[in-house]
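Participant: I'd like to ask you about the structure that follows.
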Amino acid sequence: MKHIQHIIVCFFFFIASVYVHAQQQAGCYTPGRDAGIRIYNTAERMKSSNPDDAAQQYWAALREFQSTQRCPDKPLNHDLNTWESRCRNGIVACNWIPKKDGTGIERLILEVSLQTLEFDGASGVKDVVVTTNADNWTPVNRLSWCNVGRNGNRLSVTCAENSGTNIREGMISITANALTKVIIVTQAGKPAQPVEVKPVTEPDNDGLTEECVENPETGDSEEEMKRLQETVTYQHAEIVPEVTHVYDPVKSPVHYPPLYLAVTAGASSFGAYSIGEIKSGATAVFGLDIAYFFNKNFGAGLKMNYSNCNVDFSNGTFTYSDQLLLVGPALYGLWGKENFAFTASAGIGGLNWKMTNTSGASKKDQSNTAAGGFISAGFRYMFNRNFGIGLNVQSVIGSVQNEERETRTPAKLGVSPGLHFRF
């Protein structure tokens with residue numbers, strides 16, 4: 001009996017110790033950790049629209065995680081460390097940083113004393129003072145003819161001599177956390193060497209220069225003197241001034257990017273359908289052109305032409321709708337001056353005919369594909385290097401048959417205004 005009582009007492013002590021341990025473990029992780037996660041999720045939702053308030057929320061979540069009691073024997077301690085790291089990264093991403101004394105956060109500052117550095121043609125060194133409250137800042141040198149070095153809060157830029165006559169330019173960036181400042185560096189070239197001008201010897205009335213050899217004391221015959229005069233060669237110095245081409249953005253031609261994109265929409269004639277002539281209806285046309293221009297005038301790419309028709313063949317008793325889609329490679333041409341130019345394109349591809357016939361209560365759907373082609377011509381006007389408008393007149397070539405050997409021929413003529421882009 002005593003043994004049984006002893007076992008019962010030990011069992012109750014075991015249950016009590018497990019309960020106390022569980023309560024201690026729960027207390028060291030909850031509710032601080034859960035509250036920190038809720039605040040962190042709130043910061044994540046607002047960081048794109050309101051980064052300043054999001055930074056304050058990240059800081060509040062970080063304080064919750066830091067104040068949560070750690071459990072030395074609990075393997076999830078690293079979980080709190082991960083959440084703290086996420087909060088610090090969120091604060092930095094919003095361009096804020098924790099204060100050095102740990103009492104809050106402050107806005108990230110990054111300033112440079114000079115945003116442009118100008119060097120003459122000789123080698124030289126210039127310093128830029130960097131002001132920031134970040135723990136560190138990093139310079140990124142993008143110039144092959146300059147070296148950079150850090151000395152405390154100063155950035156030293158050393159440029160080599162410019163042996164050419166052209167001005168060279170580049171940039172150096174300074175980064176602190178998520179902020180970046182750019183410094184523009186320019187260096188003048190050497191002055192152009194003066195052109196040496198040689199005097200020109202003018203001929204006299206007889207076509208001979210004053211330096212013509214004449215020695216009457218030699219006793220040469222008249223024929224010999226004439227031969228000597230005919231063999232005299234005159235050299236005149238020809239001065240060709242050095243011409244330097246200067247780019248004028250107003251007078252110089254615009255060089256458009258090679259990638260071309262056009263989106264068009266318009267109307268066209270119906271074409272033909274072997275079952276008869278239409279009584280009424282309309283056809284809408286949509287187009288897409290993507291091309292790469294190898295030079296100013298010629299390019300190659302992809303053409304898509306889509307038409308949608310809704311017509312009536314017999315005054316309401318037989319209605320018909322179809323879609324014609326042409327997709328294939330194409331060649332493109334462009335001729336003109338400055339922002340106005342004429343355009344042309346031609347190509348081949350697959351011509352897909354998808355049609356729906358409705359006659360009374362019956363309805364028939366079919367889809368067939370055949371080879372086709374197209375040609376188009378028009379003009380375009382560019383407002384700048386990247387955007388313009390235009391007008392195309394196009395014709396789709398080919399025909400498609402369905403299972404009943406009915407033939408559909410696309411429109412011979414369509415007109416489509418559109419938007420033109422260059423990239």
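Readers should treat all values here as calculations from the given coordinates under stated rules, not as data from a laboratory. Predicted, not measured: the structure shown is a model, and the values here were computed from it. Note: ideal-geometry Cβ built from the backbone for every residue, glycine included; neighbour counts use all protein chains shown.
Participant: First measure r as the distance between the Cβ atoms of residue 141 and residue 379, then evaluate 1/(1 + (r/R0)^6) with R0 = 56 Å and state the FRET efficiency to the nearest 0.05.
Facilitator: It comes to 0.70.
Participant: Still on this structure, I have one more. Going through region 364-416, which chymotrypsin sites (Phe, Trp or Tyr not before Pro) have at most 12 other Cβ atoms within 10 Å and a DSSP loop state?
Facilitator: 383
Participant: Assuming 0.36 nm per residue, please report the length gained on full extension of the stretch residue 99 to residue 401 beyond their Cα-Cα distance.
Facilitator: 101.0 nm
Participant: Right, here's the next one. How far is it, in nm, from the label point at residue 126 to the one at residue 367 when both lie 7 Å from their Cα along the line to the Cβ?
Facilitator: Result: 6.5 nm between the two label points.
Participant: Compute the length gained on full extension between residue 161 and residue 354: take 0.36 nm times their separation in residues and subtract their Cα-Cα distance, giving the result in nm to one decimal.
Facilitator: Value of the extension gain: 62.5 nm.
Participant: Something else: Give the relative contact order (percent, whole number) for region 110-187; include only Cα pairs under 8 Å separated by 6+ residues.
Facilitator: The value is 39 percent.
Participant: Per Stokes-Einstein, at 10 °C and 1.306 mPa s, what whole-number D in µm² s⁻¹ belongs to region 110-187, with the Kirkwood radius over Cα pairs as the hydrodynamic radius?
Facilitator: Stokes-Einstein gives a translational diffusion coefficient of 124 µm²/s.
Participant: Using a basic spin-label model with each label point 7 Å from the Cα along Cα→Cβ, how many nm lie between residue 111 and residue 335?
Facilitator: 6.1
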